[in-house]
Every structure is written in structure tokens, then in C-alpha cells.
Amino acid sequence: MSRYRILLFDADNTLFDFTRAEEIAFRETAARGGLVYTDALYRRYSAINDGLWKKLERREIDLESLKLERFRLLLEECGAAAGDDLFSYAAFLRDAYIESLGEQCVLIDGAQELCRDLAGKYRMFLITNGISRIQRKRFAKSAIAPYFEGMFVSEELGVQKPSPAYFDAVFAALGQPEKSSVLVIGDSLTSDCDGAIAYGLDICRFDPKGEGNGGRALTYTVGKLSEIRDLLDGGKS
């Protein structure tokens with residue numbers, strides 16, 4: 001029997017198919033904002049967005065700035081003129097995107113089955129660096145919501161993964177469980193893996209693309225969500 005009692009799941013691209021949700025939301029946002037959607041435009045937005053989230057992890061930008069800056073930078077690259085109109089346009093796209101993304105609750109294949117099978121055997125929580133309004137709305141609409149006791153959103157805690165302060169807040173809310181009884185499950189080498197390792201927690205990386213561990217000493221690596229069930233069934237005791 002597994003020695004773990006608490007499972008801390010990352011949300012995006014671990015249980016939720018954020019890549020698909022983002023594409024749908026961006027397409028809808030572009031339509032509302034009068035932008036001509038192309039694959040190239042979406043790829044550029046994704047690159048800008050990913051870069052800003054990495055800066056957030058390094059505390060080089062705050063979340064409120066990130067929400068607007070990703071669209072301001074995109075509009076600049078598209079040739080929009082600088083000034084108040086640019087910021088107003090970016091703010092409109094920001095709000096439209098947040099509204100649309102909150103409606104997207106697409107799950108990764110096998111996520112619902114995994115959560116259903118683990119429910120009752122473990123205490124399960126979501127840990128996410130996402131925007132609270134988006135994450136809570138998506139989670140509430142999803143098929144996996146009944147299986148979780150709660151969610152810890154960085155925007156609400158005022159600090160994000162991989163900071164130890166994020167995990168301090170989570171552990172305080174959980175009543176300071178033994179670290180050896182907690183398993184973090186996530187896809188990101190930086191926010192999930194680095195955060196768990198620095199805090200002294202076991203980590204299971206979901207790596208469906210076979211990207212590797214980046215030189216990190218990971219406790220487990222799986223390519224399919226179903227493998228998490230298997231490793232817990234035969235895990236450390």
C-alpha cells in the first residue's frame with residue numbers, strides 16, 4: 001500500500017488540457033477583438049505568454065501586469081500604434097480572454113478515470129499558478145470537481161510555485177502533514193518539480209512527450225496518467 005495520504009495535483013497540462021483550452025479561448029478572443037486568427041498569431045501569443053509566466057515564477061513581473069502585458073506585446077508585434085488606445089485594446093482582449101478561458105474545462109485523456117479511482121483512497125487537492133477567476137470557474141464546471149477537497153490558487157495565496165512560501169501556505173491549510181505522506185503530481189519541471197524538490201516533497205512528473213528530467217532527481221516520471229494509479233498501488237510503503 002502506498003505511504004502517501006495526500007496528492008497535490010497541478011491543474012494545467014496535468015489534468016486539464018490547457019493547450020487545447022488556450023487555443024479555443026484565444027480563437028474566440030481574436031474574433032471578439034477583430035483580430036484575424038492565424039496559427040502563426042496564436043503561436044506568437046503562446047510564446048509571449050509562456051515567457052511572461054516564466055518571469056512570474058522568477059518574480060520579475062506581477063500577475064496583474066502579466067494579464068495585460070501578453071496582449072499589449074502581441075498588439076505591438078502586430079503593428080498597433082502605441083498610446084492609450086493600445087492599452088485599452090489590450091485590456092479588452094485581456095478581459096475577453098479571461099472570460100472565454102474560464103469556460104474551457106477540457107480534460108486530458110484519462111484524467112477523470114484516474115481521479116475517480118483515487119478518490120476515497122487519498123485526500124486530493126489542486127495546486128495551480130493560474131488566475132483565480134479562471135481556475136475556479138473551470139474546475140467547478142469540470143467532471144473531476146467532486147473528487148477534490150479543494151484548490152490552492154497562487155493569485156489567492158499571494159505567492160506562486162515554485163516558491164517555498166507557496167507550499168508553506170498549502171501545508172498550513174492542510175494542518176502541517178508529514179512531508180513523506182504528500183506526493184506532488186505535475187508536468188512543469190520548474191514550478192512543479194523544482195518547487196516540490198526544494199520543499200522536500202516527492203514528485204511525480206507527468207511527461208507525455210518524453211522530454212526527460214532536465215538533470216533533476218525526480219521521484220517518479222510517467223508518460224500516461226494511468227501509470228500514476230499503478231505506481232501508487234505498488235508504491236513505497
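Laboratory data are not the source of any read-out in this text; all were calculated from the coordinates shown. On a predicted model such as this, the values are computed, not experimentally measured, just so you know. Note: ideal-geometry Cβ built from the backbone for every residue, glycine included; neighbour counts use all protein chains shown.
Measuring from label point to label point, each 7 Å out along Cα→Cβ, what is the residue 31 to residue 3 span in nm?
5.2 nm
Apply 1/(1 + (r/R0)^6) to the Cβ-Cβ distance of residue 106 and residue 55, taking R0 = 25 Å, and write down the FRET efficiency to the nearest 0.05.
Efficiency, from the Cβ-Cβ distance: 0.40.
Less than 16 Å from a label point 7 Å out along the Cα-to-Cβ axis of residue 95: which backbone N atoms in segment 34-50 qualify, by residue?
So the set is 34.
To the nearest 20 Debye, how big is the dipole of segment 19-101 about its Cα centre, given +1 on the beta carbon of each Lys and Arg and -1 on that of each Asp and Glu?
It works out to roughly 220 debye.
If the limit is 29 Å between Cα atoms, which of 54/121; 55/121; 55/209; 67/121; 121/224 go over it?
In this structure, 54/121; 55/121; 67/121 exceed 29 Å between Cα atoms.
From the phi of every residue in segment 14-31, what ³J(HN,Hα) in whole Hz does the Karplus formula 6.51 cos²θ - 1.76 cosθ + 1.60 yield, where θ is phi - 60° and glycine or proline is x?
10, 10, 9, 7, 5, 4, 5, 4, 4, 4, 4, 5, 5, 4, 5, 5, 4, 5
So if the hydrodynamic radius of segment 19-101 is defined as the Kirkwood radius over C-alpha pairs, what does Stokes-Einstein give as its diffusion coefficient at 20 °C and 1.002 mPa s, in µm² per second?
Result for D is 167 µm²/s.
Report the dimensions of the chain along its three principal axes from the alpha-carbon atoms, largest first, rounded to Å.
Each principal axis gives a Cα extent; for the chain these are 61, 32, 32 Å.
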